[in-house]
Every structure is written in structure tokens, then in C-alpha cells.
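Colleague: Got a structure for you, questions after.
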Amino acid sequence: MSVFTTNDGVEVYYDVRGEGKPLLMIPGWTCTTEFWSKNVDSLAASCSVIRMDFRGHGRSEKVSHGHRISRYAADVRDLLDHLDVDGVTALGWSMGASILWSYLELYGTERLAGLVCVDQSPAQYTGPDWVWGQNGCYDVEMFIRLCAQITYDPRGSAEGLAYACLHNPPTPEDVAFIADEISLCPPQTRIDIMRDHTNLDWRDFLPVIDLPTLVLVARHSQVFDWQGSAYVGEQVPGAKTEFFENSGHMLFWEEPEKFNRVVSDFVNR
């Protein structure tokens, strides 16, 4: 088990597999490195795959501070500095994409060679000028309801994400795996980081991203209607968008062979 210490003293778990051009993979809200279990072996055959758990998540230190997108972006920078690695293709799924947008806004393209955004809308909340928000947490009232569910039924909330994130009905084993990993994240941490994440709007930033970008969109995502995630590819200059026609939000889980091929091709372009 490898850990490094962030510049504010938090121990964060990471691992590195394979050799080749570096690929950083960061997961979504409440999720862990283990969500990439169907991808890491294949990708490590052609890339040096770097995975990390956010502070408070997975096997990283459980702390009560720093649960903001910008601080998570700083943790990414601290990891890349710790490894002293350049030319990284950074891949973020769901909230992980927002963390990478924050990284780019704060640090520019420092240490990065490419960006992969996986099924994330640029704005979580809906409004008069945006209808493609997060289907389960699209305004303040829904956030309050989500907080109550996490507080009073944390395991049920975690199991519910298995059904929300997959297009095809999950097996009992899938539900147990997903819920077990999510349950490593304390309920208050889940609430604190979602409070920050769900209030951000990245639409103004997308057109100024100056990095080769690949956008992966799940056609049957229940978390975001596909139009919201596809908007990212429309707004980032020169971005390539790839649709996954048989997947929900966890497209890397439901179409792993295609995901691994598309990502490996992009990293080694």
C-alpha cells in the first residue's frame, strides 16, 4: 500500500501499475481506485497507470477538513509532484472530471499532456439556462434530501448508487462491491464534498481549456442525460467525443473493452 502526504498533512493512498506513458485515473464522488478493477490490467499493458483515492475516500486518511473540489485538485498536484512525473494524461470520471477542470484552472497544464472527461455535466444544478443537470441532485431541495438519505441510511444510499450508475441491472455481487467501496467514505465526507461540487458551474471554463481532450459519454446514463456530458466535448476546443451506446454512468464497467481501447489509443496517440 503506497501513501504520500499532501502539503496540508493528509495521507493519501495511490498505486502505480505498468510502464509507458503516464495515465492518471481518478474516480467519482465517494468512489475508490477499485472502481477501475476492470480497466487497470489492460491499460497497464501500454501505460503507466496511476490511481488515487481522494482524502476521506477509500484507503486514504479519514479527515474532516479540505473536502472541496479545489483542495482535491491540489491533492492531485501534490501526487504528481511526489511522483515527479510529467506528460500525464489525466482521466476523471464524474466528479473526477470537475476536479481536473479545477486543476487546470488553478495550475494550467502543469505536468499534463492530455485530458479525458468521463460522463460529467459542467453544471450539476438545473435552471432557466441549463436543463442538463444531475438527475438525482439538480437543485438545493434535492441536495437536502440527499443529505438526509446519506445521514440516516448511508448503506442504502450507497447501494442505490449501484442501480443509478449502471444501465444493465446489477448483480447482487456488483451491488455489494459498489456499496462496500462507497461505505469506506464517511457520511459527513460524502455530504461535504457534494455540497461544494454540486454548486459549481464550469461552462465558462470549458472553452479556454488548452489541452488535447477526449470526452466519453454514456448514452444511457441515469446520472446525467447524455446531452449534458456531450456539451463538454462541444465546448472544449478540438475535443473528440466518443459515445458508449450500451452503458450507464459507469461506462468503463459496462463496456470495459471499448473503454480500455479508446483510452489507451488516446494516451499513446
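Each reported figure results from applying straightforward, stated rules to the coordinates on display, with no laboratory input. What you are looking at is a predicted structure, and each value in this text was computed from that prediction instead of being measured. A quick note on method: Cβ atoms are made from the backbone with ideal geometry, for glycine too, and the neighbour counts reach across all protein chains shown.
Colleague: Pull out the extension gain between SER70 and ASN7, defined as 0.36 nm times the separation in residues minus the alpha carbon to alpha carbon distance; nm, one decimal.
Modeller: 21.3 nm
Colleague: Give me VAL262, VAL223, VAL49 sorted ascending by neighbouring Cβ count inside 10 Å, so fewest comes first.
Modeller: VAL262, VAL223, VAL49
Colleague: Right, here's the next one. Running a GNM on the chain with Cα contacts under 10 Å, which residue among THR151, THR33, THR241 ends up with the highest mean-square fluctuation?
Modeller: Judging by the Gaussian network model, the answer is THR151.
Colleague: List the lysines whose alpha-carbon lies under 24 Å from that of LYS258, not counting same-chain residues fewer than 8 positions away?
Modeller: Counting by Cα, and skipping residues close in sequence, LYS258 has these lysines nearby: LYS21, LYS38, LYS240.
Colleague: Show the residues, 5+ positions off or on another chain, whose built amide H is closer than 5 Å to the amide H of THR241.
Modeller: For THR241, whose amide H was placed from the backbone, the distant partners under 5 Å are VAL215.
Colleague: Could I have the simple spin-label model distance between ALA164 and THR151, label points 7 Å from Cα toward Cβ, reported in nm to one decimal?
Modeller: With each label placed 7 Å out from Cα toward Cβ, I get 1.7 nm.
Colleague: So for segment 2-267, Kirkwood radius off the Cα pairs, Stokes-Einstein at 37 °C and 0.692 mPa s: how many µm² s⁻¹?
Modeller: 181
Colleague: Then there is this: So what's the gap between the Cα centers of segment 9-30 and segment 229-261, to the nearest angstrom?
Modeller: Centre-to-centre (Cα) distance: 20 Å.
Colleague: Output the Cα-based Rg and Dmax of segment 149-269 in Å, rounding Rg to one decimal and Dmax to a whole number.
Modeller: Looking at segment 149-269, its Cα Rg and Dmax stand at 16.2, 47 Å.
Colleague: Would you calculate a helix-derived [θ] at 222 nm for the chain, using -39,500 (n - 2.57) for each DSSP H run of n ≥ 4 and dividing by the full residue count, to the nearest 500?
Modeller: Helix-only estimate at 222 nm: -12000 deg cm²/dmol.
Colleague: Can I ask one more? Please identify, among MET142, MET194, MET25, the residue showing maximal mean-square fluctuation in a Gaussian network model of the chain using a 10 angstrom Cα cutoff.
Modeller: So, out of MET142, MET194, MET25, the one fluctuating most is MET142.
Colleague: Right, next: In the Gaussian network model of the chain, springs joining C-alpha atoms below 10 Å, which of HIS82, HIS57, HIS249 carries the largest mean-square fluctuation?
Modeller: Of HIS82, HIS57, HIS249, the most mobile in the Gaussian network model is HIS82.
Colleague: While we're here: Pull out the extension gain between PHE177 and LEU106, defined as 0.36 nm times the separation in residues minus the alpha carbon to alpha carbon distance; nm, one decimal.
Modeller: My answer for the length gained is 22.1 nm.
Colleague: Quick check: pseudo-label points 7 Å beyond the Cα along Cα→Cβ at ARG269 and ARG195, how many nm apart are they?
Modeller: 3.9
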